[in-house]
Amino acid sequence: MTSTLSLILKGSLKKIKKVVIFLYIIAIPFSNIYSMNNPFYKSYNTQFEIPPFSEIEEKHYMPAFLKGMEEHNSEINEIIQSPEKPTFDNVIIAMERSGDILDRVSNVFFNLSGSATNIKLQEIEKEISPLLSEHYDSISLNPDIFNKIKLLWEDIDNLELSKEENKMLEESYKNFLRNGALLKGLEKDRYLKINQEISKLSVQFSQNLLAETNRFEIILNEDDLNGLPEDIINLAKEESEAKYKITGDNQYKDKYVFTLHNSSIFPFMTYSKRRDLRERLYKGYITRGDNNNEYDNKDITSKIASLRVEKANILGFNTHAHYVLDNTMAKTPEAVYGLLDKLWKPALSRAKSELQEMQSLVEDEGQNFKISSWDWWYYSEKVRKEKYDIDEEEIKNYFTLDNTINGIFETANKLFGLTFEEKFDITLYHPDARVWQVKDKDGSHLGLYVGDYYTRSSKRGGAWMSAFKEQSNFDGRERPIIINVCNFPPPSKDKPSLLSFEHVTTLFHEFGHGLHGLLTNTEYRSLSGTSVSRDFVEFPSQVLEHWASEPELMKSYAKHYETGEPISDELISKMQKASKFNQGFANTEYLAASYLDMDWHSLDTKEIQDTKSFEKKSLEGIGLIEEISSRYKTTYFQHIFTSSYSAGYYSYIWAAVLDSDAFKAFKESGDIFDVNLASKYRKYILEKGGTEDPMHLYRKFKGSDPDIAALLEDRGLN
Ligand SMILES: [Zn+2]
C-alpha cells in the first residue's frame, strides 16, 4: 500500500481557519509557537535535506502544526487578496508553494506516528487530526479561492499552458468541484450536514466493529489444541495469561484463548483438527456487527449508503459509484462490473474444482460430511501439503532480509541502471532504520531510500511506502526521500532476519511503490510519484512482485544463510507449482466482496435498504456458493464504510490486469530485464506521476491496451 498522507497534503487544497488557530494559541503559550527554536520553521540545512532527526523533539510538533496552519492561512489569504488578474503563477503555483512549515512537520510527524509512535505522539495525533481536516476542508469550500481557479479554468485555452500545467489546473478545478465548491445556500448546508453525519456513522461503525472483534473469544484446554503448531499455541497461551493478569478471572487460568483477530483466527482455521471449534470461531467472525446488540452495524451501513446517494446527487452524479469512479482509471461503474464479470466465472469454476478436491480428501479419510465454509482453510492446507510438499521453514533459510534487499536493488539496477550506496553518517529517527543514496545510471543523485524493516510495538501493522520529501522541479531540482516500512521478524541470537516468501513479495511490492516515488520527474509535487488514481497506484508495486519469483533473479539473491548456497532448482520449481494453489477460493472471496461494494454504491435511491436482504440478493445474484463467504460482509467491511475504498475495493484486481499484462511483455521479450521495455516503463509510467491520463500512459508504454489474458494465466483461471 501507499500512505495517503502525501495525497492529503497536496498543495492545491489548502486554506484558512482562524478560529481553530485562535483556540489553540490559548492552549499553547505564544512563546512556543513563535520561538524560532523549532527545526520545522526553516528549510533543513542537512545532507540531502533529510529532516534533522537528532534535533526534533516531541515538543516541536504542536507549535509547528499551529504555526504551519497560520502561515498557510496567510499565504492563501495573500492569493485571495491579490488585486492582480488571476494567472497560473499567482494562483496555482502560489498555492503549490504555500504551506512549507505544515508540509515539513506533517511529513515527519505522520511518518513517525505510523512507525515509531508513543503515547505522546498518539495524543498529538488525536488533537491535530480534526484540526488539520478542518483546515483543509475549509479551503475546498472557500468561494474566493475557488472563483480565481474557476476564472482560470474558463480561460484555459488562452493561457498557453504546458501539458502538465494544464493537468494541474484541471485537477485543482475538479477537486474543488468534487468537494462541493459550487454549492450554495440550503444545498451547501445539507452537503456539510451529510459529510458530518457520514463521518459520525463511520466512527460508530469502526468502534462497533472493534468491540465486536474484541468481545468474542474461545477459551480452550490443552486437549482442544490438536493439530496446532507450537508458535500458535504459545500465542494463545500468552493471550490467556494476559487476560488473566488484567481481569484476575479464573476462567483464563492455564487456558488457551483464541480470538477474531487475524493473527489468531486464521492459523486456527488452517491447522485445528477440531471441526466444531473451527465452526464456532468462524461463525463469530462472520457475524461481527450483525448480532442485534448495541454494536450492530446493519442500520449504520444502510444509512451511510443512503447518505452517499444523496451526496452524489447533490454533486450531480447518479450514484456514489459514479461520483467516486469519475476520477479513476476505470471511470464508470460499467467498466468495473465489466472486469469483475470477466473474472467471476473462471474464478468460481476453479473454486468449485478445489472444493471437489477437498471433498474427496474428506471421503478418503473415511469421514462423512460435506465441506462447509469453516473447513476451507484446514482442508486446502492439507491438499497443499499433499500435492506440493512445501516446507515453509526450508524456504525461509534462503531469504535473509539482506539477501532480499540485494534482490530488489539488483532488479532496479538491471532494469534502470540505478545504484544504491548505504549511508552510515545520516542520523535517522530509529536505530533500526537504514538509508541508501540512490544514483541514476549516469551517477547523478536521484534520491534517498530509507528502509525500516523490523516489527516492533511502536509500529502499526502491515507494510507501506511513504515520503519524507517529494520530488518537484518547478522551484529548482528537488529530489525525493522515500521510505519503506515493513513488519519483518528481527534477527535472533543465532539467526539473521529470515523472511517468508510472502514477506519477500511484500518487500518487492513496497519497493515498487518506492521506485515510483524515486524515479518520478514532474514539475509539481502535487502530481509527482504516487499521486495517481487509486486503481493505478498499485500497478508499479504489483508489477515488481513478478520479479521476486523469477528463477534467474532468485538464483542470484536467494542464498542459504549458513552455507551461502543458491536456492535449488527443485525448490524453485516446487514454489512455482504451488503459487497457483487455492487461487479459485482467493479470487472468488475477493471478487464477491468487490461486487458487494459496487452494489452498495450503485444504489440510485436514498431509500433505506434492509442490510441483510440487500446483501443476500447481491451475493446470490452472482451465484456465490455457500461454501465460500464474501471476504468481507457488510457489517464488517471496514474498507468501504470507514476508509476511502468505497466503490474502490476492485482497485487491486484492476491494477493486477495491468501488472500481469506488463510483466508478460518482459517475459515475451525473452529477457526479464529487457532494457528497451524498462526504459519505456520508466519514461511513461514511473517518471510521469499523475501528469497524464493513466490509460494513455499505459498505451504509450505497452503500445496496446492491457489484455486480461495474462492475469487469468497468472492466477490459473484460464
Ligand atoms: Zn501497495
Problem set entry | Distant-in-sequence amide H partners of Gly690 (H built 1.01 Å from N, under 5 Å) | Ser528, Gly529, Ser531
For this session: Please give, to one decimal in nm, the separation of the simple spin-label points placed at Glu125 and Asp707, each 7 Å out from Cα toward the Cβ.
Result: 4.6 nm
For this session: Report the FRET efficiency, 1/(1 + (r/R0)^6), for Ser458 and Tyr388, where r is their Cβ-Cβ distance and R0 is 41 Å, rounded to 0.05.
Result: 0.60
Exercise. Ranked from highest to lowest mean number of other Cβ atoms within 10 Å per residue, what is the order of the peptides 527-537, 639-649, 385-395?
Worked result: 527-537, 639-649, 385-395
Seminar exercise, completed: Given Cβ charges of +1 for Lys and Arg and -1 for Asp and Glu, the option among Ile139, Thr301, Gly443 whose Cα lies farthest towards the positive end of the dipole of the chain is Ile139
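Which order do the peptides 297-303, 157-163 take when ranked by the mean count of other beta-carbon atoms within 10 Å per residue, highest first? Walk me through the numbers on the way to the answer.
Numbers: 297-303: 20.6, 157-163: 10.4.
So the order, starting with the most tightly packed, is 297-303, 157-163.
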Exercise. Once the piece of chain linking Glu294 and Lys700 is laid out straight, how much longer is it, given 0.36 nm per residue of separation minus the C-alpha distance between them?
Worked result: 140.8 nm
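Once the piece of chain linking Gln359 and Lys617 is laid out straight, how much longer is it, given 0.36 nm per residue of separation minus the C-alpha distance between them?
Details: separation 258, 0.36 × 258 = 92.88 nm, distance 2.75 nm.
Extra length from Gln359 to Lys617 when fully extended: 90.1 nm.
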Exercise. Where does the chain land at 222 nm, in deg cm²/dmol rounded to the nearest 500, when only DSSP H runs of n ≥ 4 count, each adding -39500 (n - 2.57), divided by all residues?
Worked result: -17500 deg cm²/dmol
Exercise. Label points 7 Å out from Cα along the Cβ direction at Asn718 and Gln576: separation in nm?
Worked result: 1.5 nm
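Rounded to the nearest 20 debye, what is the charge dipole size of segment 216-286 about its Cα centre when +1 sits on each Lys and Arg Cβ and -1 on each Asp and Glu Cβ?
For segment 216-286, the charge dipole is close to 260 debye.
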Problem set entry | the chain, dipole about Cα centre (Lys/Arg Cβ +1, Asp/Glu Cβ -1), debye to the nearest 20 | 1120 debye
Exercise. Roughly what % antiparallel, to the nearest 5, for the DSSP beta bridges in the chain?
Worked result: 75 percent
For this session: Would you mind counting up the charge near Lys580? Only other residues with Cβ under 13 Å from its Cβ, with Lys and Arg at +1 and Asp and Glu at -1.
Result: +3
Exercise. Where nothing but the Cβ of Lys and Arg (+1) and of Asp and Glu (-1) is charged, how large is the charge dipole of segment 105-184 around its Cα centre, in debye to the nearest 20?
Worked result: 240 debye
Seminar exercise, completed: Taking a straight Cα-to-Cα line shorter than 19 Å from Lys664, and setting aside same-chain aspartates and glutamates fewer than 8 residues away, one finds Glu538, Glu545, Glu550, Glu552, Asp674, Asp705, Asp707, Glu713, Asp714
Problem set entry | Efficiency of FRET between Lys370 and Lys495 - r from beta-carbon atoms, R0 30 angstrom, step 0.05 | 0.10
Problem set entry | Spin-label model distance (nm) - Asp604 vs Asp475, 7 Å beyond Cα toward Cβ | 4.7 nm
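Would segment 395-566 count as rounded, prolate or oblate if I go by the C-alpha gyration tensor, calling it rounded below 1.5 in a/c and otherwise prolate when a/b exceeds b/c, oblate otherwise?
Prolate is the answer for segment 395-566, as a/c is 1.5 or above and a/b outweighs b/c.
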Exercise. How high is the relative contact order of segment 395-566, in percent, with contacts defined as C-alpha pairs under 8 Å that are six or more residues apart?
Worked result: 25 percent
Problem set entry | Charge dipole of segment 587-695 about the Cα centre (unit charges at C-beta), most positive-ward option of Leu677, Phe637, Ser594 | Leu677
Problem set entry | Two-site FRET efficiency, Glu241 against Lys342, from Cβ-Cβ distance with R₀ of 60 Å, rounded to 0.05 | 0.75
Exercise. Structure shown: which of Lys148/Lys174; Lys414/Lys683; Lys59/Lys459; Lys559/Lys667; Lys385/Lys555; Lys352/Lys612 lie over 18 Å apart, alpha-carbon to alpha-carbon?
Worked result: Lys59/Lys459; Lys559/Lys667; Lys385/Lys555; Lys352/Lys612
Problem set entry | Paramagnetic reach from His639 in segment 563-587 [backbone N under 15 Å; point 7 Å along Cα→Cβ] | 586-587
Exercise. For segment 216-286, what's the relative contact order in percent, using C-alpha pairs closer than 8 Å and at least 6 residues apart?
Worked result: 40 percent
Problem set entry | Whole-number percent relative contact order across segment 254-374, with pairs defined as alpha carbons under 8 Å at least 6 apart | 15 percent
Seminar exercise, completed: Counting lysine pairs in segment 216-286 that sit 8 or more positions apart or on different chains, with Cα atoms under 13 Å apart, gives 7
Exercise. Could you list log10 I(q)/I(0) for the chain at q = 0.08 Å⁻¹, which the Debye formula gives when each Cα is one point scatterer?
Worked result: -0.70
For this session: Would you work out which of Pro491, Gly289, Asn234 lies farthest towards the positive end of the dipole of the chain? Charges go on Cβ: Lys and Arg +1, Asp and Glu -1.
Result: Gly289
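FYI, it's all coordinate maths here, none of it is from the lab. All values reported here derive from a predicted model rather than from experimental measurement. Backbone-built Cβ (ideal geometry, glycine too); neighbour counts: all protein chains shown.
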